[in-house]
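The values are calculated or read from the model by the stated rules, or taken from the named source; none is laboratory data. Please read these numbers as outputs of a predicted model, since none were measured by experiment. Reconstructed Cβ throughout: ideal geometry from the backbone, glycine too, with neighbour counts over all protein chains shown.
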Amino acid sequence: MDTFDAIFTRQSIGDVKPDAVPVDVIEKLLSAAVQAPNHYKVRPWRFVVLTGAARERLGDVVAHSFAEKFPDAPAAALDKERSKPLRAPLLVAVGVDKPSEPKVLEIENICAAAAAVENLLLAAHALGLAAKWRTGEDARNPRVKEFLGFAPEQHVIALVYIGYPAVEAGMVNRPGYEDREFLGFAPEQHVIALVYIGYPIAEAGAVNRPGYEDRTGWVE
């Protein structure tokens, strides 16, 4: 699939088949994710891959937390919470490392991890998979973070649900960039990138980046 086709036709699809995603395909997704740019080459992303019964155990954690917060919740509500991680056969949680040295900014680590998530989504689309990037209360839940192996202060920026689409994707019609083009930021706004672009004057060399392996945990 052409890069521009992938970008312009990718969309969030939550209705997927129960068929398992093969391990070699998951590895391709993770390999694509870690091609994202990151300041100071700190590779701040952390991936937790959940398949099979691991999703059920995560569902128990989510339901237990919900019951603690809402002790009078009916059984149906708890069952709904428990079933959340089962919405797709593959769930990839993405967390972010805290800066380990003064020159590294937390916002830049978060942006790098978000770029990795977008790479993952585009790769999934190119491979014929459906994916949906979710966050919500579960991504901020300390019990969920603990289950996934993240520290309480770490940001979990994505719970990506992935599977083979059960429905045909419709047309994508997103707003354009025109009303987001302007000069002038407020003092409290983050400027997350100064992107320098031009035609290369030299041929690019081979790319040899570290892989995903030391940034990924697998839970079945």
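Descriptive notes on the structure:
- Conditions (1) closer than 19 Å to A36 by Cβ; (2) of a type in the set (F, W, Y); (3) assigned to a helix (DSSP H, G or I); number of the one not met by W133: (3)
- Within the range 89-139, if we keep just the residues that are in contact with a Lys or Arg (Cβ under 8 Å, 6 or more places away or on another chain) and without any contact (Cβ under 8 Å) to a residue 60 or more places away in the chain, the residue that is farthest from G59 (Cα to Cα) turns out to be E106.
- Residue list for the range 71-102, restricted to those being acidic (D, E) and either buried (at least 19 other Cβ atoms within 10 Å of the Cβ) or within 30 Å of K41 (Cα to Cα) (or both): E81, D97, E101
- Some residue of the range 84-91 being at pLDDT 95 or above, of a type outside the set (V, I, T) and touching a Pro at 6+ places or on another chain (Cβ under 8 Å): yes
One line per residue, one yes/no per condition, for (1) more than 11 Å from the chain's Cα centre (by Cα); (2) hydrophobic (A, V, I, L, M, F, W, C); (3) modelled with pLDDT under 95:
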| residue | (1), (2), (3) |
| --- | --- |
| I107 | yes, yes, no |
| A114 | no, yes, no |
| E118 | no, no, no |
| A124 | yes, yes, no |
| G128 | yes, no, no |
| R143 | yes, no, no |
| F147 | yes, yes, no |
| A151 | yes, yes, no |
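- Residue check for K84: within 20 Å of T216 (Cβ to Cβ), in contact (Cβ under 8 Å) with a residue 40 or more places away in the chain and of a type in the set (D, E, K, R): no
- The range 126-152, subset touching a strand residue (DSSP E or B) at 6+ places or on another chain (Cβ under 7 Å) and of a type in the set (G, A, S), residue nearest to E220 (Cα to Cα): G149
- Within the range 11-28, considering residues that are more than 30 Å from K98 (Cβ to Cβ) and charged (D, E, K, R), the one surrounded by the fewest Cβ atoms within 10 Å (Cβ to Cβ): D24
- Some residue of the range 153-163 being loosely packed, with under 10 Cβ neighbours inside 10 Å, out of contact with any strand residue (DSSP E or B) (no Cβ under 8 Å at 6 or more places or on another chain) and part of a loop (DSSP other than H, G, I, E, B): yes
- Within the range 82-118, considering residues that are of a type in the set (D, E, K, R) and assigned to a helix (DSSP H, G or I), the one nearest to A193 (Cα to Cα): E108
- The residue pairs whose first member lies in the range 54-77 and is part of a loop (DSSP other than H, G, I, E, B), whose second member is aromatic (F, W, Y) and crowded, with 16+ Cβ neighbours inside 10 Å, and whose beta carbons are closer than 8 Å, counting only pairs six or more residues apart or on different chains, are A73/F66.
- Hey, R43 under 20 Å from I192 (Cβ atoms) and not aliphatic (A, V, I, L, M) or not: yes
- Assessment of the range 27-47 against the conditions (under 28 Å from R143 (Cα atoms) and without any contact (Cβ under 8 Å) to a residue 40 or more places away in the chain) yields no matching residue.
- Scanning the range 29-70 for residues that are touching an Asp or Glu at 6+ places or on another chain (Cβ under 9 Å), among the aromatic types (F, W, Y) and buried (at least 19 other Cβ atoms within 10 Å of the Cβ) turns up W45, F66.
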